[in-house]
Amino acid sequence: MDGDRFIINTFDHPRPVRTITVQGQEGDVQHAGLPDKTYEPGESKCTFISNHKTVVLTDRNAHKVYLSNIENGRCRIVHSDKIRSPRGACPGIDGTVFVCSGRTGTVVQLTTQGTVISSHDVSMKWPFAVSLSRDGTRLAVSNNVKGKMKIKLFKVSC
């Protein structure tokens, strides 16, 4: 989030996203507009898009992605046929976010305003985690299928 605070995902807690400082002090995400919902492990994931001050929370069972700007308090909820059982998410270098859509076997790219830009078939069942290289040229995707786990690297083109 900043040099002293981090955004973290919770489970078995009524607030799915919290903050923690490097000194270990916990806090709530202010003006987030996120659901007051208690998730079990694996039902949600979060990330933070720092240059847009946006918290991203996936809700696997509701098939939704929450995009909450912590500066202005606006929360956009993305509910699209392209996003089914969303799992991991990571920020793009251009203020977008990549979200694993488990049930569709794709990675979906969204704007912080909640617009679906594109959906990319990653040729694996149940993509689970996604990460973008620092220079924004490579996207790593892994799945979560017992006995058939994979990790793939993709070239990102502008």
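Regarding the stretch 26-39, can at least one residue be identified that is open to solvent by less than 80 Å² (accessible area, probe 1.4 Å), touching a residue at least 24 places away in the same chain (Cβ under 8 Å) and under 12 Å from the mean Cα position of the chain (by Cα)? No, the stretch 26-39 has no match at all. Looking across the stretch 41-63, the residues that are within 26 Å of GLY3 (Cβ to Cβ) and among the hydrophobic types (A, V, I, L, M, F, W, C) come down to CYS46, PHE48, ILE49, VAL55, VAL56, LEU57.
Selection of the stretch 138-151 for residues being open to solvent by 60 Å² or more (accessible area, probe 1.4 Å) and either touching a Phe, Trp or Tyr at 6+ places or on another chain (Cβ under 8 Å) or at pLDDT 95 or above (or both) yields ARG138, ASN144, ILE151. Looking only at the stretch 100-130, residues that are loosely packed, with under 15 Cβ neighbours inside 10 Å and under 17 Å from the mean Cα position of the chain (by Cα) come to 4 in all.
Applying the condition of being under 17 Å from LYS53 (Cα atoms) and at pLDDT 90 or above to the stretch 4-15 and asking which residue is most open to solvent (accessible area, probe 1.4 Å) yields PHE6. Within the stretch 124-148, the set of residues being out of contact with any Lys or Arg (no Cβ under 6 Å at 6 or more places or on another chain) and closer than 16 Å to ILE83 by Cα comprises LYS125, TRP126, PRO127, ALA129, VAL130. Within the stretch 54-83, can you find the residues that are of a type in the set (Ser, Thr, Tyr), under 11 Å from the mean Cα position of the chain (by Cα) and within 17 Å of TYR39 (Cβ to Cβ)? Those that are of a type in the set (Ser, Thr, Tyr), under 11 Å from the mean Cα position of the chain (by Cα) and within 17 Å of TYR39 (Cβ to Cβ): THR58, TYR66. Within the stretch 11-28, the set of residues being closer than 21 Å to ARG76 by Cβ and in a loop (DSSP other than H, G, I, E, B) comprises ARG15, PRO16. Among the residues of the stretch 86-99, is there at least one that is out of contact with any helix residue (DSSP H, G or I) (no Cβ under 9 Å at 6 or more places or on another chain), open to solvent by 20 Å² or more (accessible area, probe 1.4 Å), modelled with pLDDT of 95 or more and not hydrophobic (A, V, I, L, M, F, W, C)? Yes, the stretch 86-99 contains at least one residue that is out of contact with any helix residue (DSSP H, G or I) (no Cβ under 9 Å at 6 or more places or on another chain), open to solvent by 20 Å² or more (accessible area, probe 1.4 Å), modelled with pLDDT of 95 or more and not hydrophobic (A, V, I, L, M, F, W, C). Assess whether CYS75 counts as being within 15 Å of SER119 (Cα to Cα) and in contact (Cβ under 8 Å) with a residue 24 or more places away in the chain. Answer is no for this residue.
I'd like the full set of residues that are assigned to a loop (DSSP other than H, G, I, E, B) and touching a Leu at 6+ places or on another chain (Cβ under 7 Å), limited to the stretch 29-48. Across the stretch 29-48, the qualifying residue is only LEU34.
Among the residues of the stretch 50-79, those identified as under 20 Å from THR106 (Cβ atoms), buried (at least 18 other Cβ atoms within 10 Å of the Cβ) and either at pLDDT below 95 or not aliphatic (A, V, I, L, M) (or both) are THR58, ASP59, ARG60, HIS63, TYR66.
The values are calculated or read from the model by the stated rules, or taken from the named source; none is laboratory data. These numbers come from a predicted model, not from an experiment. When we count neighbours, we look across all protein chains shown, and the Cβ atoms used for this are built from the backbone with ideal geometry, even at glycine. What goes into the accessible areas is simple: the full protein's heavy atoms, side chains included, and nothing from ligands, DNA or RNA. Shrake-Rupley method; radii C 1.70, N 1.55, O 1.52, S 1.80 Å.
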